[in-house]
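Reading through the structure tokens given below for one structure.
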Amino acid sequence: MKMKKLFLIVLIGGVCLFNISCGEGNVVEVIDPDVQYEADLQTIRDYIDLKGYTNIDTTSSGAFYTILEEGTGEEMKLNDIVSFNFILSSAEDDLIYQTSILQLAQDEEIFGSGRIYEPEICTYTNGPWFVNPLTRVFNTPFAENGYKEGVIASLGKLKIGGRAMILIPSRLAFGSTPLSAWGYPANTPAAIEVRPVYRR
């Protein structure tokens, strides 16, 4: 009899926990990838129009990029090791969510004491090979294609001191996973400005 009561209590508790965990605030919405991709493309088109960007190029995987300022320093040559700063915004709301630039992080009130504020480092190849393998921000499988392709494609058209904007559909950026550490929402196309600062 005691075992039956114990079993009944455990069963009722399990049902209650299930109902709580599946409450309205915990439901994960599944979005059709093709529908999401089309929505991302529209968001990116709207962002391009809002900013007045022209001369938009596309990488092989489907990221977009444009040169904002060519720069006046040295040109990047194949196999150079290039240091560059980045600014990550959302193409939906144009808010800055992360950066490698300390002063900007402080100004935007997104400074994190656990972060290292220094440029990313990559070897400029067709690859690319990142010396700092994007461990601070972009070490997710979603960030590989769009971000890395966009960086390498834009470096080929920049000089030191220049700036480029890379616009990445969510499936090539962070996908359906929100980056809760700094509030970046799921299914959101990324707008990433890159600024090469040094080559060797």
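Read the figures in this text as sums done on the coordinates, not as results from a lab. From a predicted model like this one, the values you see are computed outputs, not experimental measurements. So basically every Cβ, Gly included, is an ideal-geometry build from the backbone, and we count neighbours across all protein chains shown.
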Determine the shape class of the range 55-108: with a ≥ b ≥ c the square roots of the Cα gyration tensor eigenvalues, call it rounded for a/c under 1.5, and otherwise prolate if a/b is greater than b/c, oblate otherwise.
-> oblate
Under a point spin-label approximation (7 Å from Cα along Cα-to-Cβ), what is the D93-I121 distance to one decimal in nm?
-> 3.5 nm
Run the quick spin-label model on T54 and L78: label points 7 Å from Cα toward the beta carbon, then report their separation in nm to one decimal.
-> 3.2 nm
Using mean Cβ contacts within 10 Å as the protection proxy, how do 87-97, 69-79 order, highest first?
-> 87-97, 69-79
Pop out the ³J(HN,Hα) list for the range 97-105 in order, Karplus 6.51 cos²θ - 1.76 cosθ + 1.60 with θ = phi - 60°, rounded to Hz; leave Gly and Pro as x.
-> 10, 7, 7, 9, 9, 4, 4, 5, 4
Projected onto the charge dipole of the range 32-199 (unit charges on the beta-carbon of Lys, Arg, Asp and Glu, signs +1, +1, -1, -1), the Cα from G62, Q106, F84 with the largest positive-side position is that of F84
Between S113 and D46, how many nm apart are label points set 7 Å from Cα along the C-beta direction?
-> 3.8 nm
Can you tell me the relative contact order of the range 32-199? Whole percent, Cα pairs under 8 Å, sequence separation 6 or more.
-> 32 percent
For V35, V197, V151, V82, ascending order of other Cβ atoms within 10 Å (fewest first) is V35, V197, V82, V151
Across the range 73-84, in residue order, what do the Karplus-derived ³J(HN,Hα) couplings come to in whole Hz, using 6.51 cos²θ - 1.76 cosθ + 1.60 with θ = phi - 60° and x for Gly and Pro?
-> x, 6, 7, 7, 10, 3, 6, 5, 8, 10, 9, 9
